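**Q** Structure in C-alpha cells, see below.
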Amino acid sequence: MANTDKAGKSPKQQPAQGSTSAAGVTLPNGDNVSSEGLADNVFKIAGAVGVVALLASLGLGVSAGDDLAQFSFSYLVAYAFVLALGLGCLFWVTLQHLVNAHWSVVVRRLGELFAANMPLLALLSLPILIPIVMGNHALYVWTDHAKVEASHLLHGKAGYLNVGFFLGRMVFYFVFWSALSRFWLKRSVAQDLKPEAGVTRRWQGIAAPSMILVALTLTFSAIDLLMSLDAAWFSTMFGVYFFSGAFMSANCLLALAAMWLQGRGRLVKSVSVHHLHDLGKMTFGFVVFWAYIAFSQFMLIWYANIPEETAWYKVRFEGDWKYVAIFLLVGHFIVPFLGMMSKHVKRRRGALTAWTLWLLIMQYVDLYYLVQPTRLARVLEEAPAGEAVNATLPFHLLDLTCLLALVALFIAGAAFNARKKNLVPVNDPRLEKSLAFTNL
Amino acid sequence: MSTDNDKANDTGSAPLHGLLAEYDNPTALVRAAEKVRDAQYEHWDTYTPFPIHGMDPAMGIKPTVLPWIVFWAGLTGCVVGVGFQYWTSVIDYPWVISGKPFWSIAANVPIAFETTVLFSALTTLGAMLALNGLPHPSHPLDLKRRFAKVTDDRFFLLIEARDKKFDATDTRALLESTHPAVLDDVAEDRVTSDKLPTVILGALAVLTTLAILPFALAYKARVSKSDQPRIHLVPNMDNQPHIKAQQESPIFADLRGMRGDVPGTVAQGNLQEDDHLYRGKLEGGAWARTFPKEIAPSEQNMKRGEREFGIFCAPCHGLSGHGDGMIHERAAALGQGTWVQPTNLHQDYLRQQPVGELYNSITHGVRNMPGYGHQVSVEDRWNIILYMRALQRSTAAAPTDVPESERGALK
C-alpha cells in the first residue's frame, strides 16, 4: 500500500492528459472513459420514463380506493429493490477502499455513481413515509395506536416501533448514507482533477468505521422497513438476509452497467474480461451466501418449531406462496449455482449478462416474497377459523409500474451523477495495476 | 561447468539430468518459456518464487482437470452425506426427534453441506498432489546451491535430458538465445534417497494407527459386555443441567422444579369434559351403571381388556381375579404382616358395584390399592372393566347364559 501512495507522487501519475475539466479524458491506453454524450441522454430518457411511471403509479394507487393498501405494498417491494442496489453499491465502494483493492479501480466509479443516488432514494422514500405521517396504517400495523393498545406484543415493542422514532431513524440512515456516498464520489472526482498524495491511505482509514456504520444502518433499515411489516415476528438473521441480496444485486448491476457502457464505446479497453470474471465471482459467491443465510434462518425456525417464529413461514407456505418458495430455492440458488460455477460462463459476456439479469429478477422475487405475504397473514388473522382464504399471488399492475418507475429513476439518478465526469477514476494511483489485472 | 558450488555428489559419474537456465526477472523467464514451448519440448519446467500471471499460456499448459475432479468429489460428498443420514435415521436406527419425520431433508442439509466441503477439500489436496507427482523427496535441483535462490529472487527454467528433443548442443543454443544470467548443467542425484524419510513414514504409521483406534474401540464396545459405568466423553451433553422430576429449582419462589399448568389453562387434548367417560359419573354425581358410548362391548375391546388386566391387575388379583396373584403369594410366603390381601373380585358386592365406581377405583385406587390412572389409558380402564365383568360372570353363570343349542350338554 505504501507503494501505491509513493506511486501517486511519481511523474507517471500526473493528471491524465488534457484534464482542465475532469471529463472528456482519454486514458493512456486510448480508451474513452468520458460520460459525455451518454449521461445526458440516459438521464432524460430514464428520467422521463420514471416520472411518468411514478405519476401513473400514484394515480392508480389513489384511485384504487383501498386506502393505499395495494400501492403501499407494491411500492415498498420496488423501493426495497432499488434501495438494496444503492446500499449494495455503497457497501461495495466502501469495501474496495477498506481492503485497498487494486483490481476494481476501473469499475469503482460506476459503483460510486450508483451509490451516490442516496439523496434521491431519500426523496423516493416519501411515498412510504408521508402516508405514515398522515395516519395511514396500510403498511405497518404498529403505526395504528388502537391496534398497539389492543395487543400486548405490539405494546411491548412500542418503545422501538413508534412513528416518531421510526422517522428519526429514517432521517439518520439517509443523512449518513448520503454523506458517505457523496463523499466517496466527490473525493474520487476531485482526484481526477488533482491527484493528492497519501489519499489512498486516508480513504482506507475512513472506510473502516464507515463500514461498521453501513452494516448497522443497513441491518436496522431492513428491520424497520421490511421485518416490522410483521411486527410480532422477529429473526436475528433478517438484516444479513437483506444484505446478501443487496450485495449480490449490486455486483450484478455493476457487471451489467460495465458491459452496457462497453456496448456504447466506453471503457472498452479498461474493463477486461478479467474484471467481469471477478464481478461474476462476487455475484456467484453471494448467490451461495444468500442461500446459506436464507437456509440458516429457515432451518433454525423449522427445528425449534416455536409458533411465534414459524407463523412467518406458515403464511409463506400457504396456497400459491409455497410455489414461490420452491421457485426461490431453485431459481435463486440451485440453478444459478450450477449454471454460474464454470469460469467460462463468467468470462463470456452473453452468459454473464443473462445470469446477472436473471439474478436481478430473482432478487425482486425474493423481496416480493418477503413483503407481500404480510397481507395474507393479516387476512388469515382476521378470518374465522376454518374458513377458506384466498391465497393466490396478489399480482397487480401497480407492481409493474412501481418497479418501472423506481428502476428508471434509479438509473436516471446515476446518469445525472455521471454528467461531466469520467467513468473511471483516472488519477487513482492503483489504476495502472487495475488496468493490467489478470486473474488466471 | 560451474558444478563446483554444488553440494556433494560424485558428479563425475552421475549422468546429465538436464540444462538449467537462470534469469533475474520474471519477464525474461516468460519470454524464455515461450521459446521453449515453441520448440516443442515436453519434459521441462519453470521455477519461480511466486506465481506469475501468464505463465500457463507461456508454457502452453492446458487448463487443469482438477476442477472437474473436485466437482464430482463434491457431488459425491453431498450424496454420501444425505445417504448416510437416510441410512442412520430411517433404516438403521429410526428415532423420533422433536416430532420431526424420520427423514427430514432440512435437518440433513448442514451435514450434507459439510461432507460436500470435506470431500471437495480433501480431493483438491489429494488430486493436486497426485497430478503434480508429489511428494517428491529428492530432486536433482536440490543439490544445486544457486537453485536455493528460487525461494527468493531468481527464476529458473530446466529442460530435462530425457526429452526426445534434447540435444546437448542444440538445447544449449536455444537456452543461450534467451539470454539467461547463468546456464548450467544439472547432474542426476545419486546421493539422496527417493524414498520418504523414515521419520515421516513413522509419523504417518502412528497417525494411521491413532485414526483407527476410535473405530476399534467402538467395535469392541459393540461386541463385548462390560460392567463398568459408561465413559462420558461429552459430560455436559450427557448430564445436562436441567431440572429433573421432584428437584428443586431456585428460579421459582416456591422452589418447585416441576410446574403445574398455568392457572386457567388446559393442555392440548386434556379438556376431558365428559364426566361419564373420564370420571365414571352421571350428571348429579351418581356412579354410572352403564359403559360410556365410546366403549362398545366388542370382541376387540374385550381382548384388549384381557391383555391390560393381565398386565396391570393380575399380578395382585390373579389371572382369574380371586385375589391370589403372584405378588400376594410371595407376600404371604414371606409372612409380611402389613400385607392386605387383594380383594377377590368375585364377590357379590363387586358384581353389583356400578361400573363408574370400578372405574374410579382403577383410576384413583381404593384404600390400600394404588391408582392406575397415570399408567392405563382411559379407554383401557373401561376395557379392563368390560373384561372384569366377563370374569365375574364366568364364576356365577346361570344355565340361561348358555346358548340354547348347547344347553343339552349341561344336563
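The values are calculated or read from the model by the stated rules, or taken from the named source; none is laboratory data. Values in this document were obtained by computation on a predicted structure and should not be read as measured data. Neighbour counts run over all protein chains shown; Cβ positions are idealised from the backbone, glycine included. These accessible areas exclude ligands, DNA and RNA; they are computed on the full protein's heavy atoms, side chains included. Shrake-Rupley method; radii C 1.70, N 1.55, O 1.52, S 1.80 Å.
**Q** Taking Cα atoms of chain A, Rg/Rh with Kirkwood Rh, to two decimals?
**A** Rounded to two decimals, Rg/Rh equals 0.99.
**Q** Could I ask something else about it? Within straight cross-link reach of residue B:281, meaning Cα distance under 16 Å, which lysines are found once same-chain residues fewer than 8 apart are removed?
**A** Result set, ordered by chain and number: B:293.
**Q** Restrict the search to region B:15-118; then list the GluC sites (Glu not before Pro) that DSSP places in a loop and that have at most 13 other Cβ atoms within 10 Å of their Cβ. Provide the component values of the computation, followed by the final result.
**A** Numbers: sites: B:22, B:34, B:42, B:114; in loops: B:42.
Within region B:15-118, the qualifying GluC sites (Glu not before Pro) (loop, at most 13 other Cβ atoms within 10 Å) are B:42.
**Q** What is the average number of partner chain Cβ atoms found within 10 Å of a Cβ in B:101-110?
**A** Values: counts 0, 0, 0, 3, 0, 5, 3, 0, 5, 3.
For this peptide, the per-residue mean of nearby foreign Cβ atoms is 2.
**Q** Residue B:281's amide H: which non-local residues (gap 5+, or another chain) put their own amide H closer than 5 Å, with H modeled 1.01 Å from N in plane and none for Pro or chain starts?
**A** Distant-sequence amide H within range of residue B:281: B:276, B:288.
**Q** In the Gaussian network model of chain B, springs joining C-alpha atoms below 10 Å, which of B:104, B:377, B:89 carries the largest mean-square fluctuation?
**A** It is B:377.
**Q** Angle, helix B:105-131 long axis vs. longest principal axis of chain B, Cα atoms, 0 to 90°, nearest 10?
**A** It is inclined by approximately 20 degrees.
**Q** Another question, if that's okay. Can you tell me the equivalent ellipsoid semi-axes for region B:133-228? Use √(5λ) from the Cα gyration tensor, largest first, whole Å.
**A** Equivalent ellipsoid semi-axes, largest first: 52, 14, 12 Å.
**Q** Below 15 angstrom from the Cβ of residue A:391, what's the summed charge of the other residues (Lys, Arg +1; Asp, Glu -1)?
**A** 0
**Q** From the protein chains alone at 1.4 Å, what is the descending order of accessible area for B:265, B:363, largest first?
**A** I get B:265, B:363, largest accessible area first.
**Q** At 222 nm, what value in deg cm²/dmol follows for the protein assembly as shown if DSSP H runs of at least 4 each add -39500 (n - 2.57) and the sum is divided by all its residues, to the nearest 500? Can you show the working numbers first?
**A** On the way: 35 runs with 479 residues, N = 851.
That comes out to -18000 deg cm²/dmol.
**Q** Enter the accessible area of residue A:186 (Å², nearest 10), with the probe set to 1.4 Å and all protein chains included.
**A** Per-residue accessible area (residue A:186): approximately 150 Å².
**Q** Right, another one. Using a 1.4 angstrom probe and counting only protein chains, how large is the accessible area of residue B:308 in Å², to 10?
**A** Looks like 10 Å² after rounding.
**Q** In degrees from 0 to 90, rounded to the nearest 10, what is the angle of the helix B:66-86 Cα long axis to the longest principal axis of chain B?
**A** 10 degrees
**Q** Relative contact order for chain B using alpha-carbon pairs under 8 Å, separation at least 6, rounded to a whole percent?
**A** Here the relative contact order equals 18 percent.
**Q** Moving on. What does the average come to when, for each residue of peptide B:63-76, you count the partner chain Cβ atoms lying within 10 Å of its Cβ? Intermediate values should be presented prior to the final figure.
**A** Values: counts 3, 0, 0, 0, 3, 0, 0, 0, 3, 0, 0, 0, 0, 0.
Mean shielding count: 1.
**Q** Quick one: how many Å² of residue A:71 are accessible to a 1.4 Å probe, rounded to 10?
**A** Rounded to the nearest 10, the figure is 10 Å².
**Q** Let me ask something additional. Mind jotting down the distance between the C-alpha centroids of region A:54-74 and region B:144-204, whole Å?
**A** When both Cα centres are located, 77 Å separates them.
**Q** Could I ask something else about it? If every alpha-carbon in the protein assembly as shown counts as one equal scatterer, what log10 I(q)/I(0) does Debye give at q = 0.07, 0.09, 0.10 1/Å?
**A** -0.84, -1.11, -1.23
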